[in-house]
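First comes the structure, then the notes that go with it.
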Number of protein chains: 2
Amino acid sequence: MVTVSSGRRPGRPAGGKQVVDRELVLDAAERAIRRDGPLVSLEAIALEAGVTKPVIYARIGGRTELSNALSARLAERIVQSVLSAIAGQPVGRSALVLFLAANLETVAANRELFLYATGGSSDDSPQRSLYLASQSAAPLAAQLGQWRTATGHDPAVAEAWSYAIVGMLQLTSLWWLNQVELTAHGLAEQLAELLWSGLRTPPIA
Amino acid sequence: MVTVSSGRRPGRPAGGKQVVDRELVLDAAERAIRRDGPLVSLEAIALEAGVTKPVIYARIGGRTELSNALSARLAERIVQSVLSAIAGQPVGRSALVLFLAANLETVAANRELFLYATGGSSDDSPQRSLYLASQSAAPLAAQLGQWRTATGHDPAVAEAWSYAIVGMLQLTSLWWLNQVELTAHGLAEQLAELLWSGLRTPPIA
DNA sequence: AGCGCATACGTACCTACAGTACGTTTACCC
DNA sequence: GGGTAAACGTACTGTAGGTACGTATGCGCT
């Protein structure tokens, strides 16, 4: 591909202000990902933002940081959505369903971004995947630990359990997004059944 | 980097036999990954195998297929390890612990390969991640469905549950590999507690 | 007002790597 | 013994991440 000319001439732009700030770059990156899939190039993102690559590097700092920033965005959307879904609800199975459904719906609403975040780039993505997961897992672990203590149980399992639940949601979402024969609520019910009651369901007989 | 000269001259090798076959290429790829991390180049793998890139393409067929083949290898090792661990065991919590521990131990024994398989490359890795997961999830779903039916429950949840369990193990493994303050058996116990009894643990009081 | 320095860019380049066209050597078969 | 197929390395192309450098504008200082 020929080098993209951005239509502007070199030099500081008239007005003395930055043409785009960090948030606008991330917005452009999201649009580019939605349009071109998880494999977008930095140049395509820069073009979408109306600037050139060095500006991306000045605002964000390379492909790794871009991936981290976008993953953090998605994680925060999920956390916010989940928090508002279970606000005021007593701990219990129905709250768990709300938690799971809110998570699934947010993922579906940010489909391309989710696919990008879960392994789209070429970086040390195991590390990033873990980083993304920890953003969701950390608040969950805090809640879980607190609840375990309140009900008289050992809170030591909270961290492992939170990663377990986040991992369960991650892969299940990926699977779900490629099959769609199930509503978010339907899948949330199935997962809630496993998480709340466990495999140890006694025989009907 | 300069083009790697492999020491051999062009032309069909004396003896008329292939210098390396598909399995040897995959072995070399594993060694290269163990040595250089998940970001190894195809050239480095070719060098490790003692051949050049076009041979890799002839045997395997590009980066995507290489990733798939390596992921399939890991998946099969995990499945085999798990099957031999629970062979002859009655369904129950202790069998679940064995299942989880065998899974974790195999992942730990193939650390670099696992990191490579869970997002190391630059391809459509969401698809590959799902492909890898399905290799573990499919047999699990069959067992789960069978067991659900045998105990008089709806087997429709089996597929979602199997992906849930595999995803749980995937992310938990990733987290565990970066912290190591827990034995495989210890973590397996914590996960078994969640999976077997669920969150609905009644208050002690 | 005019001069210098910091700021905010785009252009053009370098490098690395996936993927491929082509030539070269050996084996096999009639 | 000659021709074809198999097996392989060399050398190239395209693309994408990352960077050095030149250029135009704003701002403070004299």
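The values are calculated or read from the model by the stated rules, or taken from the named source; none is laboratory data. Everything numeric in this text was worked out from a predicted model, so none of it was measured. Here Cβ is always computed from backbone atoms with ideal geometry, including for glycine, and neighbour counts include all displayed protein chains. Note: accessible area is taken over every heavy atom of the protein model, side chains too, but ligands, DNA and RNA are not part of it. Shrake-Rupley method; radii C 1.70, N 1.55, O 1.52, S 1.80 Å.
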Selected residue (criterion: farthest from the other protein chains (Cβ to nearest Cβ)) from residues of the stretch B:178-203 that are surrounded by fewer than 18 Cβ atoms within 10 Å (Cβ to Cβ) and aliphatic (A, V, I, L, M): B:180
Residue check, residue B:133 against (1) at the interface with chain A (Cβ under 8 Å from one of its Cβ atoms); (2) under 15 Å from residue B:171 (Cα atoms); (3) open to solvent by 10 Å² or more (accessible area, probe 1.4 Å); (4) not charged (D, E, K, R), all met but one. Which one? (3)
Test residue A:22 against the criterion of being away from DNA strand C (no atom under 16 Å from the Cβ) and either among the hydrophobic types (A, V, I, L, M, F, W, C) or more than 14 Å from chain B (Cβ to nearest Cβ) (or both), and give yes or no. no
Index of the failed condition, residue B:69 passing every other in (1) open to solvent by less than 20 Å² (accessible area, probe 1.4 Å); (2) within 8 Å of DNA strand C (Cβ to nearest atom): (2)
Consider residue B:52 carefully, then state whether it is more than 14 Å from DNA strand C (Cβ to nearest atom) and away from every other protein chain (no Cβ under 14 Å). no
Among the residues of the stretch A:146-167, is any more than 22 Å from residue B:189 (Cα to Cα), touching a helix residue (DSSP H, G or I) at 6+ places or on another chain (Cβ under 7 Å), at the interface with chain B (Cβ under 8 Å from one of its Cβ atoms) and in contact (Cβ under 8 Å) with a residue 24 or more places away in the chain? no
Answer yes or no: is there a residue in the stretch B:58-65 that is away from DNA strand D (no atom under 16 Å from the Cβ) and of a type outside the set (S, T, N, Q). yes
